Each structure stands twice: as C-alpha cells, then as structure tokens.
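Q: The structure's right below; bear with me while I get my questions together.
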Amino acid sequence: MPPRLRLIALRQFPTRPALQFRIQLQRRFTSSSAAPPEIYDVACVGGGPAGLSLLTGLRNSKITSGLKVALIEGQDLHKNRLPKHASLDGFSNRCSSLTPASVKNLEEIGAWSHASRPRIQPYQEMQPTTIAYMIENTNITTTLLSRLSELGGVDIFSPQKVDSISLGTETPSLDLSSWPIIALSSGKTLAARLLVGADGANSPVRTFAGIPSRGFDYNRHGVVASLKLSGPGWGGPDHKIAYQRFLPTGPIAMLPLPGNSASLVWSTTPERAAVLKSLPEHDFVAMVNAGFRLSVTDLEHLHTMPSGQVEEVAWREKATPIDARSIPQPVTAVQSGTVASFPLKLRHADTYTGERVALVGDAAHTIHPLAGQGLNQGQGDAAALVSTIEQAVLTGQDIGSVLALEGYNSERYAANNAMLGVCDKLHRLYSVESGPVVGLRSWGLKAVDAMGPLKGFFMSRAAGGA
Amino acid sequence: MNPLRHTFINRCQTTTPRPKEYPALPDKLRYLDIGCGGGIFAESAARLPNTLSVTAIDPTPEVLKIAEGHRRRDPKLIEEGRLTYLNTSIEGLPVPSQETEKYDIVTLFEVLEHVNAPRPFLESILPHVKPGGWLVLSTIARTWTSWVVTNVMAEDVLGIVPKGTHEWRKYVNEQELRDWFGKREGWGGVGAVKAMGVVYVPALGWKEVPGGEGWGNYFFAVRKDF
Ligand SMILES: Cc1cc2nc3c(=O)[nH]c(=O)nc-3n(C[C@H](O)[C@H](O)[C@H](O)COP(=O)(O)OP(=O)(O)OC[C@H]3O[C@@H](n4cnc5c(N)ncnc54)[C@H](O)[C@@H]3O)c2cc1C
Ligand SMILES: C[S@@+](CC[C@H](N)C(=O)[O-])C[C@H]1O[C@@H](n2cnc3c(N)ncnc32)[C@H](O)[C@@H]1O
C-alpha cells in the first residue's frame with residue numbers, strides 16, 4: 001500500500017493505538033480544559049512563495065508524501081488569490097524576477113502549468129535566450145496554491161496567526177520536551193516534529209529558536225509601482241528588456257510586464273521615498289521618467305518640489321541629450337494605488353537549522369533587491385530542504401533532528417551568503433560613485449557586466465543555482 | 001553510520017535477482033535487530049514507511065533502558081506494535097513457530113566482534129530469518145590495519161571507544177563469512193551474498209570504500225533461499 005493512502009486511512013479511522021494516545025493526552029489536559037496538541041511531521045509557518053513551494057515539494061514527492069503536514073498563514077490565503085480572469089490592464093506592485101532555475105523547480109513540483117501565463121513576461125538581453133520571467137508574487141502564490149489543492153493532504157490554517165510557540169511537556173509515556181508546540185489565534189495547538197519558519201523577515205519561528213539574525217539597514221526604501229509605458233518596449237512584445245540605472249541614492253529599475261505594462265523598483269533614501277509617494281500621479285510619472293533621463297543634480301532639485309514635476313522635467317529634458325532607444329520607453333501613467341515603499345535591509349540568520357526547526361526564504365535571509373534574487377533564494381531553499389527531508393525519510397531519521405537537517409544548512413548557507421555579499425558590494429560600489437546615465441538591458445546584470453568576473457557568478461546562479 | 005545501513009539494506013533488496021515465483025518485494029517488512037544497544041537503528045527502521053514492525057533485542061538491561069527512554073520522544077514510535085524492545089539475548093529468543101512470524105530483515109550491527117564464539121552465535125540467529133529474508137551485519141575485519149586502528153587509533157588516539165571494548169582476535173573476516181555461508185545449504189543462492197566496505201573519515205563521517213571489506217569495517221548480507 002502506498003504510504004500516502006495509509007496515512008489518510010489512519011487519520012480517518014484511528015487505529016487503537018492512536019486512540020489510546022489521544023485519550024492519554026486528553027486526560028492530562030482536562031484539568032486545564034485545553035485540547036491536546038495535534039501532532040504533525042511538518043508545520044510550516046508562512047504561506048509566502050517559500051513556504052508554499054516547500055509544502056508543494058513535500059506533497060509532490062513520493063518519498064515525503066506520507067508525512068502529515070500543516071500550513072499556518074496569518075493572512076487569508078483564499079482572499080489573496082489572483083482572480084482567474086484578472087484583467088491584463090492592471091498588475092500588482094509586488095513583482096519578482098524568477099530565474100530559470102526557480103522556474104525549473106516549479107516545473108518539477110508540477111506547479112508551473114498552473115501559472116497564469118498571460119500575466120508572466122519573459123525577458124531577454126540582446127540575445128534570444130530568456131534571462132528571467134517577470135511575475136507578480138500573487139501569481140506565484142496562487143500557482144502554488146492551485147497545485148497544492150490538486151495534491152491535497154495539507155491541513156491549512158488561514159487566516160490564523162501564531163500566538164505563541166513553546167516547548168512541549170513530558171509524561172511517563174510521551175516526552176515532547178524537544179517538540180515545538182504552536183498555539184494559534186483560534187486556540188488550537190499543534191506539535192511539530194519539524195517546525196519550518198517561512199514566516200518572512202521578522203520570523204517569529206526564528207525568534208522562538210533563538211537564532212540570531214545579523215545585518216544592517218541600508219537606510220533606503222524600495223519604492224514600487226505598476227506603470228504603463230508609451231509602448232510594449234523597443235524590441236516589441238516578443239523581445240522585452242529590463243532596465244536599471246544606478247544613482248548615488250540607489251538603483252532605479254524598470255522591469256517589463258505584458259503589453260505596455262512595467263514594474264518599478266526604485267531604491268532611494270527614506271526622505272525621497274516619502275516625497276515620491278506624496279506626489280500627484282502625473283508628477284510621479286514625470287519623476288520616474290526623470291530617474292532614467294536626467295542628471296543627478298536635476299533629480300536632487302526635483303525631489304525638493306512638492307508638485308509641478310511634469311513641467312520641470314519636460315523643460316530640463318530638452319537640455320539633456322539622451323539616446324531614447326537605450327532607456328525604457330516613456331512612462332505614461334501609474335496605476336492608481338500602486339505606489340508603495342519597503343525599507344531595505346540585509347540580514348542573515350546565523351544558521352538555518354536548530355533542533356526541530358528549519359528556516360527558509362526571507363526568514364533566513366533578506367537581500368538588497370537590486371539583483372532580484374530574494375524570492376529565488378527562497379525557492380532554492382525550499383527545494384534543498386525537500387531533498388534533505390527526502391533523504392532523512394529514506395533512512396528512517398527523525399526529520400526534526402539536527403543531524404538530519406545538517407545537509408540543508410550546509411548546502412544553502414554558503415550559497416546564500418555569497419549572493420548576499422555580492423549584491424551588497426554592488427550597492428556600495430554604486431552608492432559612492434555617480435551612476436552612468438545609460439539604460440540597462442537587464443535588471444542588475446549590466447552593473448554586473450562592469451564588474452567582469454562577477455557576471456559569471458550571476459549568470460550561473462540565474463541558470464542553475466539560486 | 002546509520003544512513004549507510006539503510007543504503008546497504010536497500011541495495012541488497014533491490015539489486016539481487018529474485019526467483020520468478022516471488023517477483024515482488026513484500027509491501028511491509030518485519031525487522032529483528034539483534035544487540036540493538038541504544039536503539040539507533042531500531043528507531044530508524046521503525047520510522048520507515050514500509051516497515052510493519054521492529055523487534056529489537058539486547059541482553060544488557062542498562063542499554064535497553066536508554067533505548068526505551070529515547071523512544072518516548074517520538075509519538076510515532078510509541079504506536080502499538082511498531083517498535084518492541086525485549087531484554088534478551090538471541091539465544092534466549094524463542095524461534096517463531098510460523099514462517100510468517102519470522103523476519104524479513106535480521107540485523108546484527110557491531111555485535112559480532114564482541115562475541116566469543118561467532119559460529120554458534122550465528123547458528124542461533126539463522127532460524128529467525130524468513131525464506132527470502134536477509135541477515136545483514138556489520139563488523140570489522142581481522143587484519144593488520146584493523147589491528148592498528150583498534151589498538152592504537154580508536155582507543156588511544158581518537159578515543160572513539162573506551163579501551164578494552166574491542167578484542168582484535170575476535171574479529172571475523174568477510175571471506176570467512178562468505179566461506180561459512182557458501183558451505184551452507186539454503187543460504188545465499190543465485191548470488192544473494194553482498195558486502196560493502198566502509199571507512200570513518202574525520203569531519204565527513206562514514207563513507208563507502210570499494211574493496212574495504214577486505215581490510216576494515218564492512219557490511220555483509222546473505223539471503224535465505226526462498
Ligand atoms: C521592493 C522589493 C522588491 C523585490 N523584488 C524582488 C525580485 O524582483 N525578485 C526576487 O526574487 N525577490 C524580490 N524581492 C524579495 C521577495 O519579495 C522576498 O524575498 C519574498 O517575498 C520572500 O518570500 P518568503 O516566502 O520567504 O516570505 P514572505 O513573502 O514575507 O512570506 C511570509 C509569510 O509569513 C506570514 N507570517 C508571518 N508571521 C506570521 C505569523 N506569526 N503567523 C502566521 N503567518 C505569519 C506572512 O503573512 C507572509 O505571508 C523584493 C523585495 C522587495 C522589498
Ligand atoms: C557495540 S553494541 C552495538 C549496539 C548497536 N547495534 C549499534 O550498532 O549501535 C553490541 C551490543 O550487542 C549486545 N549483545 C552481546 N551479546 C549478545 C547476544 N548474544 N544477543 C544479543 N545481543 C548481544 C550487547 O549487549 C551490546 O549492547
């Protein structure tokens with residue numbers, strides 16, 4: 001009998017031993033009137049791209065599909081889903097550039113075919129090969145959720161926040177003193193053989209595990225917005241190009257989306273981010289155009305104006321020679337309500353694993369967005385953790401033991417650390433110098449070009465690693 | 001070391017030809033772990049999805065107590081019938097009267113080198129193996145390398161095991177096991193005898209070394225004919 005069938009059967013018709021176990025626990029808990037914790041092999045906190053990819057991988061693998069798994073997500077996963085026939089006129093302001101390696105992993109776990117393809121924009125450099133795919137984060141999570149519901153077998157607690165995590169207790173028959181017990185906002189409790197923290201940069205799981213996370217704040221914000229351009233791009237709809245310009249305050253990037261749409265990520269000082277967010281829409285549009293066209297001095301002045309950027313930019317552009325085809329086509333409009341900003345920081349947890357704990361995605365590391373790698377690193381983490389768990393299951397190890405998890409930590413830590421370091425160096429390099437006034441063909445990669453050997457580093461990560 | 005045990009058992013089962021009448025491996029396996037010690041292998045075998053039950057025996061009450069205590073940390077292992085510890089030597093374990101109550105996998109890890117008379121000891125194990133089942137063991141060869149490792153490195157230099165744990169003269173060589181089973185009717189037919197040499201690499205752990213069964217630690221397995 002396949003292991004998956006057996007587990008389902010066990011849960012539906014508890015065998016005698018399982019019942020006995022329940023009753024014992026209940027007796028112990030009756031005095032405190034709380035229900036006993038439900039026992040899971042894997043409890044994943046966080047249903048972002050990393051957590052969903054991990055669970056999909058676990059459910060998709062024949063080896064791990066016998067594990068009992070739970071997902072806890074504070075937000076309403078159902079509400080955040082991308083509507084089936086969403087209009088191609090509007091795009092979410094949270095977009096990511098998925099590397100071919102991440103796409104390959106999504107294919108392997110059977111998810112990629114569920115993606116809403118018309119909303120995904122592959123982009124190329126000057127050669128015909130695709131470097132990466134621009135995709136809305138909600139498209140990724142919706143894709144993974146569709147695959148997960150097709151696979152079934154995950155107990156989903158959403159929207160439910162983790163209230164507390166503590167260690168279990170010891171009784172003569174069962175010793176859960178090394179097991180994390182997760183208390184949900186509903187009052188339900190879960191005991192986890194392996195607790196996965198896929199709970200983002202402020203990971204409560206990481207805090208519970210006492211794993212320090214070190215780094216610093218860039219004192220920069222990433223301003224994002226969904227934009228409309230005057231056309232589909234200089235290469236037409238079938239040859240899309242990503243642009244990035246380095247400014248002393250940080251890079252400004254324009255990433256292609258389907259049709260005339262594009263996604264903006266502008267790293268800048270918190271003060272300038274506040275100015276940009278406060279501008280009327282037409283002035284904001286003018287500022288983005290200026291960001292790719294005007295001099296550093298012009299930009300400095302423009303940020304001091306409360307409004308009227310449209311006229312000011314038009315006037316200054318006349319005096320600035322530009323090669324139009326080397327920069328993005330002009331922005332004509334910004335989608336209402338999509339201008340937002342996020343503080344940028346670099347963080348790296350001291351380790352990704354502890355007794356009965358593993359961290360994936362932003363819970364383990366937060367990176368500068370300039371090379372569009374953060375989400376991809378989380379996909380790499382999820383895939384590596386799945387294969388570590390597979391290995392442990394095959395050899396009968398306790399998948400929560402430090403020994404069983406060791407392989408995951410050693411596989412991912414060094415790789416992520418190298419990526420964090422390179423992106424940080426790029427940021428520094430260009431924050432002291434004033435940036436070249438040229439359009440960039442692909443996000444981050446042109447800057448990487450300038451650094452010679454580092455280009456190979458990014459290209460190999462994009463294709464196979466990350 | 002423990003993951004390698006499963007790798008080896010798996011290899012034995014999947015790479016040995018089976019008779020036409022018994023084309024498929026059994027869905028669920030019954031394990032007997034002899035000299036289970038603290039229960040590292042027994043626990044791991046009990047967690048495998050295709051395990052029906054694990055019976056783990058050891059005559060030393062102290063180690064069995066440790067094993068019992070450790071088992072309580074995993075709710076899966078306290079499910080009834082999944083993992084049973086018995087405080088007995090193999091000589092004291094009754095031989096099942098029914099073939100179906102015998103074991104698909106009988107394991108003997110790091111025990112043979114402690115036994116005074118290996119031949120009668122092995123004799124007492126054989127009746128517990130099901131037809132088509134495997135006896136799988138790991139031990140250390142009696143060679144000059146193992147002499148150095150045992151008497152100088154392991155005990156004095158590396159301190160891996162306390163002094164006096166091992167008596168080099170008791171070691172059994174892989175070739176001796178091969179010869180002994182080769183003469184035995186009903187064992188190891190159609191090439192169902194397997195070995196794998198392993199070596200301890202500091203910082204990396206136990207690794208397979210081709211040919212290592214000739215000079216150091218090794219796994220050995222033999223199938224009872226169907
Ligand atoms: C401006 C900007 C641009 C970016 N651009 C790119 C890009 O182009 N390419 C790229 O690869 N990456 C990019 N990134 C990074 C990327 O967005 C993140 O790396 C990615 O979203 C991290 O995914 P995750 O699943 O690890 O965490 P998250 O997406 O943060 O998910 C964590 C989840 O955990 C849940 N959660 C947290 N606490 C609790 C709790 N107590 N109880 C229950 N649930 C909880 C949250 O609700 C959330 O859903 C960018 C980031 C920024 C800020
Ligand atoms: C070195 S320990 C090996 C423990 C365990 N198999 C391992 O590899 O971790 C050897 C064990 O064999 C047990 N033993 C010795 N003679 C035995 C016998 N006749 N029958 C069963 N077990 C025996 C001892 O009690 C001891 O716990």
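The values are calculated or read from the model by the stated rules, or taken from the named source; none is laboratory data. Keep in mind it's a predicted model, so treat the numbers as computed, not measured. As a convention, Cβ positions derive from the backbone with ideal geometry for all residues, glycine included, and neighbour counts pool all protein chains shown. Side chains included, ligands, DNA and RNA excluded: accessible areas come from the protein's heavy atoms. Shrake-Rupley method; radii C 1.70, N 1.55, O 1.52, S 1.80 Å.
Q: Taking the Cα centroid of the stretch A:239-271 and of the stretch A:363-403, what is the distance between the two, rounded to the nearest whole Å?
A: Answer, in whole Å: 29.
Q: Chains B and A: how much accessible area gets covered up at their contact, both sides added, probe 1.4 Å, in Å² to the nearest hundred?
A: On the way: alone 11550 and 19710 Å², together 29530 Å².
The B and A chains share an interface burying roughly 1700 Å².
Q: Pull up all non-local amide H partners of A:Lys345: gap of 5 or more, or a different chain, and H-to-H distance under 5 Å with H placed in the peptide plane.
A: A:Tyr218
Q: In addition: Can you give me the distance in nm between label points at A:His282 and B:Phe226, each placed 7 Å from the Cα along the Cα-to-Cβ direction?
A: Placing both labels 7 Å beyond Cα along the Cβ direction yields 8.6 nm.
Q: Provide the net charge surrounding A:Val205, with neighbours chosen by a C-beta distance below 11 Å and charges set as Lys +1, Arg +1, Asp -1, Glu -1.
A: +1
Q: Among the lysines, select those whose C-alpha is under 26 Å from the C-alpha of A:Lys161, and discard any that sit fewer than 8 residues away in the same chain.
A: A:Lys68, A:Lys79, A:Lys188, A:Lys345
Q: Given a Förster distance of 25 angstrom, what is the FRET efficiency for A:Thr332 paired with A:Asn219, based on the Cβ-Cβ distance and rounded to 0.05?
A: On the way: r = 32 Å, r/R0 = 1.28.
Efficiency for this residue pair is about 0.20.
Q: Peptide B:75-85: average number of partner chain Cβ atoms within 10 Å per residue?
A: Per residue, the number of nearby Cβ atoms from other chains is 4 on average.
Q: Tell me, what is the FRET efficiency for A:Ser149 and B:Glu99 to the nearest 0.05, using R0 = 45 angstrom and their Cβ-Cβ distance as r?
A: The pair A:Ser149/B:Glu99 has a calculated efficiency of 0.45.
Q: Say the dipole of the stretch A:218-342 comes from +1 at the beta carbon of Lys and Arg and -1 at that of Asp and Glu; which of A:Phe342, A:Ser307, A:Phe292 then lies farthest toward its positive end?
A: A:Phe342
Q: Moving on. State, to one decimal in nm, how far the label point of A:Asp238 lies from the label point of A:Ser173, with both points 7 Å from Cα in the Cβ direction.
A: 6.9 nm
Q: Still on this structure, please answer the following. Keeping the other protein chains in place, figure out the carbon and sulfur percent of the accessible area of the stretch A:111-190, with a 1.4 Å probe.
A: 54 percent
Q: For peptide A:169-179, how many partner chain Cβ atoms fall within 10 Å of a residue's Cβ, on average?
A: Counting Cβ atoms of other protein chains within 10 Å of each residue's Cβ and averaging gives 3.
Q: Calculate, for A:Asn417 and A:Phe342, the FRET efficiency according to 1/(1 + (r/R0)^6) with r their C-beta to C-beta distance and R0 25 Å; round to the nearest 0.05.
A: Once rounded, the FRET efficiency stands at 0.65.
Q: Further question on the same structure: Show me, for the stretch B:69-76, the HN-Hα J-couplings you get by feeding each phi into the Karplus relation (A = 6.51, B = -1.76, C = 1.60, θ = phi - 60°), rounded to Hz, glycine and proline as x.
A: Calculated HN-Hα couplings, in order: x, 5, 4, 5, 7, 10, x, 5 Hz.
Q: Right, something else. Lysines near B:Lys207 by alpha-carbon distance under 21 Å, same-chain residues fewer than 8 away left out - which ones?
A: Here the lysines satisfying the reach criterion relative to B:Lys207 are B:Lys194.
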